[in-house]
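The values are calculated or read from the model by the stated rules, or taken from the named source; none is laboratory data. Just so you know, these numbers come straight off a predicted model, no measurement behind them. Positions of Cβ are backbone-derived with ideal geometry, glycine not excepted, and every protein chain shown enters the neighbour counts. Surface areas here come from the heavy atoms of the whole protein model, side chains and all, with no ligands, DNA or RNA. Shrake-Rupley method; radii C 1.70, N 1.55, O 1.52, S 1.80 Å.
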Amino acid sequence: MTSERRAGMLRHYLPDLVYGANDGIITTFAVVSGVVGAALSDQVILILGFANLLADGFSMGASNYLARRSYADAEDRATGAEAARHGTATVLGFVTAGLVPLLAYLAPLPEDARFPVAVVLTLSTLFAVGASRSLVTHLGWVRSGLEMLLIGALAAAVAYSIGA
């Protein structure tokens, strides 16, 4: 595959990847934050985190598939195969980014270091995914990164507060 073709595919599926990544990392980190805020065990974090990762990831991909098949005009409606590719891109973005907050609980870290490491990994990934949008949108990478970082941080703060 040529680099031009890869770039074209990235531009085509980037909205699905960003949509999935944003929701994946935010919802998984919200689960982690809520469980930490409620002072529950690391085992609960992993159980709820992976349940969220798989169930919500599948739901996001299926929802994207159905959305692309729901246009009233037939010429705007994606074929089943094209809708499935968009749904798959959403699932891949969701699961890949959504795994990040759980990495601190899978690594052999001291218990009191896990949540701070999860915070740093999550915020860094939010910024990186947001900044990567600039490759296609031509908006500034700092602005794009900060936009996604701030939205994700706000969602995590809400989840932590509810858990606490």
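Side notes on the structure shown:
- Burial ranking of peptide ranges 33-44, 102-113, 12-23 (average Cβ count within 10 Å, highest at the top): 12-23, 33-44, 102-113
- Once the C-beta distance of Glu111 and Ala51 is scaled by a Förster radius of 25 Å, the resulting FRET efficiency is 0.70 to the nearest 0.05.
- Accessible surface ranking that places the most exposed of Ile26, Ile47, Ile162 first, with a 1.4 angstrom probe: Ile162, Ile47, Ile26
- Remark: the chain carries 55 Å² of accessible area per residue (probe radius 1.4 Å; ligands, DNA and RNA excluded).
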